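I have placed the structure first, in the form of structure tokens, so that the comments after it can refer back to it.
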Amino acid sequence: MSGPGTSGPLSGRRVVVGVTGGIAAYKAALLVRALLADGADVEVVMSRGARAFIGPVTFEGLTGRPVRSEVWEDVPDGTHVTLGRAADAIVVYPATAHTLARLAVGLADDLLTTTALAHDGPLVLAPAMHSEMWAHPATAANIAVLRERGATVVGPATGPLMGGDAGVGRVVDPDEVLTVLRAFVGADDAGMISVDTGAAPLAGLTLLVTAGGTREAIDPVRFLGNRSSGRMGFAIAEAAAAQGAAVVLVTAPSELPTPTGVRRIDVVSARDMDAAVRAHESDADAVVMAAAVADFRPAEALPGKWRRTDGPPQLQLVANPDILAGVVARRGARPRPVVVGFAAQTGDLEASAGEKLAAKGVEVLVANDVAAPGIGFEHDENAVLILHRDGRRHEVPRSSKRVVAEAVLAALVAHLPGSA
Ligand code: CTP
């Protein structure tokens, strides 16, 4: 493959884009254009179904290369293996339920599937299908198999679907795929992170992740809480498991399903979470404190329900343990666990995040503006500033929490003992 000659975060990286047969196939043209603008060397392979939705000429015009679908189109060159071997990453965008099934089983019935079999680097899948198809146990099982094997699944997103339907199943925007690819095979905007990973970069490592908002009991029915949904921590746990880590997820009450392959420990209060973290920190190579921990709790939880006729209660609050500070203090000068803190901020993000990074003694601090509309608490998206103890910084623009999770993991990996 030869490059388009542009410099950018993916400069010189060879990316195969597999386009399969869904209505979202037209968006693959935007992805290809964005990859080219990032400097990537792009080759498009289409499934037969994709050709029913969009013509190969569009991709040939963008990449300046022929677009193939079948293994017998190019037998003397052995493209069915050379393409996959040479690729730094394969992206399937959109990935239909049918192609996910073919990839999970290991079928080799067209150029895309043979290319995937001949490739041992990152495989990024962007599923797109109707909600029922996504929820079907067959698709869920295929996704689980692919994740276990190291594939990164981005999305699907929620929104309008074909035929006037709406729900989960929409392909993610090209930008989200781009962020994942940059984390895997490129450098970030500032050229600081360069994680050239295999498909399972966290294999053999144990991560302890906290999530959700703790609840501090006032009486048997009421509590002091916060708006954290747990989505950020769950996304990190899911992404880490997909990258091969053994993951223990300590979560405050959350309705979210346990990500595949993750060991979940449910807790309620900050003190419960502190105890669970203490019990598991010594096994951890990294601790990611994504939970929103209540700093204060009522001095005493009332044994019976406080009644209206009792009048307004006078709550006496006492401080909760700072769980993160405890992990850092107990670790002392040892190299592990690597500790990642979060900072929910309002106001000047950069300045207060910098202060918090120094005060907490963590390797990485992930700061987000909780006052910004549409991101953070209770939302599927986030935008964060990742600060490293050694001064490096990395901004992740508004993206799905899964994409932010991948960026957080890429930042963490850079601090593991033995990494460059
Ligand atoms: N944290 C913790 N224990 C607490 C409070 C917070 O471990 N009792 C962790 C959070 O999980 C997060 C980080 O500390 O990783 C920062 O949390 P944040 O609420 O932003 O900061 P605080 O330390 O509470 O500081 P402040 O309230 O002054 O912003």
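Tabulated data
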| quantity | calculated |
| --- | --- |
| Positive-end extreme of charge dipole, the chain - chosen from GLY78, ALA239, ILE90 (charges on Cβ) | ALA239 |
| Geometric extent, Cα atoms of region 200-333 - Rg, Dmax (angstrom) | 16.6, 59 |
| Pair-distance profile P(r), taking every C-alpha pair of region 14-111, with 10 angstrom steps and integer % | 16, 53, 30, 1 |
| Whichever lysines have a C-alpha closer than 24 Å to that of LYS356, once near sequence neighbours (fewer than 8 apart) are set aside | LYS401 |
| Average accessible surface area per residue within region 264-361, 1.4 Å rolling probe, Å² | 55 Å² |
| Under 14 Å from LYS305, Cα to Cα: aspartates and glutamates that are on another chain or at least 8 residues apart | ASP219 |
| Cα centroid of region 119-188 to Cα centroid of region 300-340, whole Å | 38 Å |
| Estimated distance in nm for a label pair at THR158 and ALA52, the labels positioned 7 Å out from Cα along Cα-to-Cβ | 3.0 nm |
| Computed E for ALA299/ARG278 - FRET, C-beta separation, R0 22 angstrom, nearest 0.05 | 0.45 |
| Alpha-carbon radius of gyration plus Dmax, which is the widest Cα pair, for region 368-420 in Å | 12.3, 40 |
| Tail weight of P(r) past 30 Å, computed on alpha-carbon pairs of the chain, percent | 44 percent |
| Zero-based 5 Å bins, Cα pair distances in region 212-290, whole percents | 3, 16, 26, 25, 17, 8, 4, 2, 0 |
| Anisotropy class of region 297-381 from Cα gyration tensor, a/c 1.5 cut | oblate |
| Of the GluC sites (Glu not before Pro) in region 245-333, those whose Cβ has at most 10 other Cβ within 10 Å and which sit in DSSP loop | GLU255 |
| Relative contact order computed over the chain (Cα-Cα under 8 Å; 6+ residues apart), in percent | 12 percent |
| Packing-based order for 12-25, 341-354, using average beta carbon neighbours within 10 Å, highest first | 12-25, 341-354 |
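The values are calculated or read from the model by the stated rules, or taken from the named source; none is laboratory data. Worth saying up front: this structure is predicted, and the values here are computed from it rather than measured. As a convention, Cβ positions derive from the backbone with ideal geometry for all residues, glycine included, and neighbour counts pool all protein chains shown. Just the protein is used for accessible areas: all its heavy atoms, side chains included, with ligands, DNA and RNA removed. Shrake-Rupley method; radii C 1.70, N 1.55, O 1.52, S 1.80 Å.
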